[in-house]
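What follows draws every value from the coordinates through simple rules; no lab data is involved. Bear in mind the structure is a predicted one, so any value in this text is a computation, not a measurement. Glycine also receives a Cβ, built like all others from the backbone with ideal geometry; neighbour counts cover every protein chain displayed.
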Amino acid sequence: FTDIVDSTKLLATLGDDKWSRLLARHDELVRGAISEEGGEVVKQTGDGFFASFESPKAAISAAIAIQRALAAEIVAPDVRIGVHAGSAFRTGDSADYGGQGVHVASRIGGAATAGEILVSAETVDGLGGAFRVGEPRSETLKGVDEPIDVVSVQWR
């Protein structure tokens, strides 16, 4: 899950026209990074994206690419990203997903700070040190019974 931090404030500051152009560029960069890593945009959530990937490594690689692409822009919004590998199911005839894993991923994204890629510790555990990560921390996520250990991926 990706989310632009303080998007309402940005819109109020920039106005509709400039916000629209900034959002279009953001969307282009995010979609490109997701696609480049073989991901699928499940849905756009206004100022963010819900994407699925075949592997945690691809999801984290896309998240890093998103943050780096936005950082390379002259002006770009701060984005927080949450990644979690968990169970999910297709909802109805749509391309949307549901399930506990989806909720956990969304909540992890909401717990991330501006410019952060926050990943459940269990998701990076099996990747053999493929990414530099910070010290684990425990997050209490709304609607999740037990705290979840998460790590911040170092992308800079």
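Odds and ends about this structure:
- Computed about the Cα centre, the dipole magnitude for segment 73-155 is approximately 60 debye when only Lys and Arg (+1) and Asp and Glu (-1) carry charge, each at its Cβ.
- Taking the centroid of alpha carbons for each part, segment 98-133 and segment 20-81 are 15 Å apart.
- Over the chain: helical MRE at 222 nm, DSSP H runs n ≥ 4 each giving -39500 (n - 2.57), nearest 500: -13500 deg cm²/dmol
- To the nearest ten degrees, helix 100-111 and the longest principal axis of the Cα atoms of the chain are 50 degrees apart.
- Dipole of segment 1-132 [Lys/Arg +1, Asp/Glu -1 at C-beta], most positive-end residue of Gln100, Phe50, Ile81: Ile81
- Estimated FRET transfer efficiency (Thr45, Gln154; beta-carbon r; R0 22 Å; 0.05): 0.30
- Residues with amide H under 5 Å from that of Asp149, placed H, sequence gap 5 or more: Ala121, Glu139
- Spin-label zone in segment 40-76 - amide nitrogen under 19 Å from a point set 7 Å from the Cα of Leu14 along the C-beta vector: 44-50, 66-76
- Phi to ³J(HN,Hα) by Karplus 6.51 cos²θ - 1.76 cosθ + 1.60 over segment 54-60, Hz, x for Gly, Pro: 6, 8, x, 4, 5, 5, 5
- Candidate cross-link partners of Lys9 among the lysines, defined by an alpha-carbon separation under 16 Å and a same-chain spacing of 8 or more, comprise Lys18.
- Taken about its Cα centre, segment 1-135 carries a charge dipole of roughly 100 debye when the Cβ of each Lys and Arg holds +1 and the Cβ of each Asp and Glu holds -1.
- For the pair Glu36 and Asp145, label points projected 7 Å from Cα toward Cβ lie 4.1 nm apart.
- On the beta carbon distance between Arg132 and Arg90, with R0 = 35 Å, the FRET formula returns roughly 0.55.
- Angle of helix 7-36 to the longest C-alpha principal axis of the chain, folded into 0 to 90 degrees and rounded to 10: 50°.
- Listed values for segment 138-151 are Karplus-derived 3J(HN,Hα) couplings in whole Hz (6.51 cos²θ - 1.76 cosθ + 1.60, θ = phi - 60°), namely 9, 10, 8, 9, 4, x, 10, 4, 10, x, 10, 7, 10, 9, and x replaces Gly and Pro.
- Put simply, the amide H of Gly115, placed in the peptide plane, has neighbours under 5 Å in Val79, Arg80, leaving out anything fewer than 5 places away on its chain.
- The chain: relative contact order as a whole-number percent, Cα under 8 Å and 6+ apart: 21
- Placed amide H near Val42: partners under 5 Å, 5+ positions off or other chain: Phe50, Ala51, Ser52
- Of the GluC sites (Glu not before Pro) found in segment 1-70, those that fall in a DSSP loop while having at most 13 other beta-carbon atoms within 10 Å are Glu54.
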